[in-house]
Amino acid sequence: MALIAPSLLSADFGNLERDVRRMDQSAAAWHHVDIMDGVFVPNLSFGLPVVKAIKKAATKPLDVHLMIVEPDRYIGAFRDAGADHLTVHIEACPHLHRTLQAIRQAGMRPGIAVNPHTPISALESIVGDADLVCLMSVNPGFGGQKFIESTYEKVRLLRALAGPDLLIEIDGGVTFENAPLLLASGADVLVAGNTVFGAPNPEEAVAQLAALK
């Protein structure tokens, strides 16, 4: 079964606690929390106080994705805010090995996010230090973008490089149509925003995605 991480970026911000609790009661594995700084990506999203509020309401792990410059400065702050997994962009980390070590030493599961233009070969010497690699299947910064078709091949290449133990997460444009192909290519975790929160019944949408093989 697929691990589903509903993206709270697509939730109703006016009823965020309600939506977090709904996902806690669903077949979701994690809550996916996107952090954007308006510098690394052209948008702003949640800050630390909101992450703390989400953690207070949530019973499932927080899968926090930092789309920010200088993520090393905030590792301790996101641990204290409640992050269980902390994913940083390879493009934002000049000393990625050290960053991943610091995340693990802080008690979180380290992840590497990869933008669509970054080749899988860039991960060759570092992938063994991560628990998870998040392949961006859209250009990061906004929800609701069109899925980039070359993602399937990137998943296959990453699985061949990393072996069976690495969790491969797909973030961006995940739908009921492309999810089976992503899983068949070797993906484990599907981040779903509009597909879940734009559905008439978000819990049912999560259940349908989680049942895919």
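For region 76-91, name all the residues that are of a type in the set (A, V, I, L, M, F, W, C) and within 16 Å of the chain's Cα centre (by Cα).
Phe78, Ala83, Leu86, Val88, Ile90
Looking at Asp37, Asp24, which is the one that is among the acidic types (Asp, Glu), touching a residue at least 12 places away in the same chain (Cβ under 8 Å) and under 18 Å from Ala199 (Cα atoms)?
Answer to the selection: Asp24.
What residue, of Leu209, Leu183, is touching a strand residue (DSSP E or B) at 6+ places or on another chain (Cβ under 6 Å) and either loosely packed, with under 15 Cβ neighbours inside 10 Å or within 22 Å of Met23 (Cβ to Cβ) (or both)? Working first, answer last.
On the way: Leu183 fails: touching a strand residue (DSSP E or B) at 6+ places or on another chain (Cβ under 6 Å).
It is Leu209.
For region 21-60, what are the residues that are surrounded by fewer than 18 Cβ atoms within 10 Å (Cβ to Cβ) and assigned to a loop (DSSP other than H, G, I, E, B)?
Matches in region 21-60: Gln25, Gly38, Val39, Pro42, Asn43, Gly47, Thr59, Lys60.
Could we say that His65 is in contact with a helix residue (DSSP H, G or I) (Cβ under 7 Å, 6 or more places away or on another chain), in a strand (DSSP E or B) and closer than 19 Å to Gly193 by Cβ here?
no
Report yes if Leu9 is outside any helix (DSSP H, G or I) and within 12 Å of the chain's Cα centre (by Cα), otherwise no.
The answer is no for Leu9.
Of the numbered conditions (1) farther than 21 Å from Asp72 by Cα; (2) of a type outside the set (D, E, K, R); (3) exposed (fewer than 13 other Cβ atoms within 10 Å of the Cβ), Gly107 fails exactly one; give the number of that condition.
With (1) farther than 21 Å from Asp72 by Cα; (2) of a type outside the set (D, E, K, R); (3) exposed (fewer than 13 other Cβ atoms within 10 Å of the Cβ) applied to Gly107, the lone miss is (1).
Only the coordinates and a few stated rules stand behind these numbers; no lab work does. This one's a predicted model, so the numbers in the text were calculated from it and none came from an experiment. When we count neighbours, we look across all protein chains shown, and the Cβ atoms used for this are built from the backbone with ideal geometry, even at glycine.
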